[in-house]
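For reference, the structure discussed in these notes is given below.
The values are calculated or read from the model by the stated rules, or taken from the named source; none is laboratory data. Computed from a predicted model, the values in this text were never measured in an experiment. FYI the Cβ positions are ideal-geometry reconstructions off the backbone, even for glycines, and counts take in every protein chain you see. Side chains included, ligands, DNA and RNA excluded: accessible areas come from the protein's heavy atoms. Shrake-Rupley method; radii C 1.70, N 1.55, O 1.52, S 1.80 Å.
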Amino acid sequence: MRLLSDTMGEIEVKKSRFLCYLHRTESEDDARNFIRSIRKEHPQARHVCTAMVIEGLKRSSDDGEPSGTAGRPILSVLEGADLDHICAAVVRYFGGTLLGTGGLVRAYSDAVKTALETAVLGEARTMRHYSLTVPYALSGRIENWISQRGELLDTLYEETVTYEFLVPDPIEPEIAELTSGTCTPMFLGEEVTEI
């Protein structure tokens, strides 16, 4: 699963405030820039504890909290939700009462869970991007086929009709059959899309 748009959640535990920011990220550099921006936005915060999961890369930081009480619990929630390409930063404003190691683990975990409650998530899938030019006589058949099999991106009407579309699987044999071998699709590459 992937986060489709950044979100934030907040909880309070014994007067300590925990603000969890979730950010969709494609790279470790982007995640680190996001974490820097959160630190800059909250210069008075006692801690900004973080975790990220990006294509098998997993990192976490306790940022001065006792070892294993913040970064690892944040990472565990992200992993438990089966999320990828995500960075979480939990800002803590100390409320004056010590929470203990168990209390910290629960608070950081609950902050991430609260942010995930409002998060918009989607599945990532790989689609194949094609262009296909056909005579007008075949356009109705091709438009119907595209609407059943994939997603139409663009249509260009000139002396012929050119379609640009995404489909999940290779289509060359189907197009050959639909057009009696008169038209050949042009493969433009693969794209990752969310559903």
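Picking from residues in the range 55-91 that are more than 18 Å from Phe18 (Cβ to Cβ) and hydrophobic (A, V, I, L, M, F, W, C), the one that is modelled with the highest pLDDT is Leu57.
Give Phe34, Phe18 a once-over and let me know the one that is buried (at least 16 other Cβ atoms within 10 Å of the Cβ), of a type in the set (Phe, Trp, Tyr) and free of Cβ contacts under 8 Å to residues at least 60 places away in the same chain.
Matching residue, one of Phe34, Phe18: Phe34.
Quick check on my filter: what residues within the range 49-69 are open to solvent by less than 40 Å² (accessible area, probe 1.4 Å), in contact with a Gly (Cβ under 9 Å, 6 or more places away or on another chain) and either aromatic (Phe, Trp, Tyr) or in contact (Cβ under 8 Å) with a residue 24 or more places away in the chain (or both)? Selection gives Cys49, Thr50, Ala51, Glu65, Thr69.
Any residue that is outside any helix (DSSP H, G or I) and either without any contact (Cβ under 8 Å) to a residue 60 or more places away in the chain or over 22 Å from Gln44 (Cβ atoms) (or both) - is there at least one of those in the range 98-110? There is at least one residue in the range 98-110 that is outside any helix (DSSP H, G or I) and either without any contact (Cβ under 8 Å) to a residue 60 or more places away in the chain or over 22 Å from Gln44 (Cβ atoms) (or both). No other residue among Thr114, Thr126, Thr162, Thr193 is under 30 Å from His23 (Cβ atoms) and at pLDDT 95 or above apart from Thr114.
For Thr133, the conditions (1) open to solvent by 30 Å² or more (accessible area, probe 1.4 Å); (2) at pLDDT below 95 are fulfilled apart from (2). Residues that are loosely packed, with under 15 Cβ neighbours inside 10 Å and on the phi > 0 side of the Ramachandran plot within the range 77-90 comprise just one, Asp82. Considering each residue of the range 91-107 in turn, at least one proves to be open to solvent by less than 30 Å² (accessible area, probe 1.4 Å) and in contact with a His (Cβ under 9 Å, 6 or more places away or on another chain).
For the range 118-195, which strands (runs of 3 or more DSSP E) that fit wholly inside it have 3 or more residues that are in contact with a helix residue (DSSP H, G or I) (Cβ under 8 Å, 6 or more places away or on another chain)? Where strands (runs of 3 or more DSSP E) fall fully within the range 118-195 and carry at least 3 residues being in contact with a helix residue (DSSP H, G or I) (Cβ under 8 Å, 6 or more places away or on another chain), they are 161-167.
Close contacts from the range 150-179, counting a first residue that is within 22 Å of Arg125 (Cα to Cα) and open to solvent by 50 Å² or more (accessible area, probe 1.4 Å) and a second that is small (Gly, Ala, Ser) and in a strand (DSSP E or B), with Cβ to Cβ under 7 Å and a gap of 6+ residues or different chains, come to Glu164/Ser131. The set of residues from the range 1-56 being small (Gly, Ala, Ser) and assigned to a strand (DSSP E or B) comprises Gly9, Ser16, Ala51.
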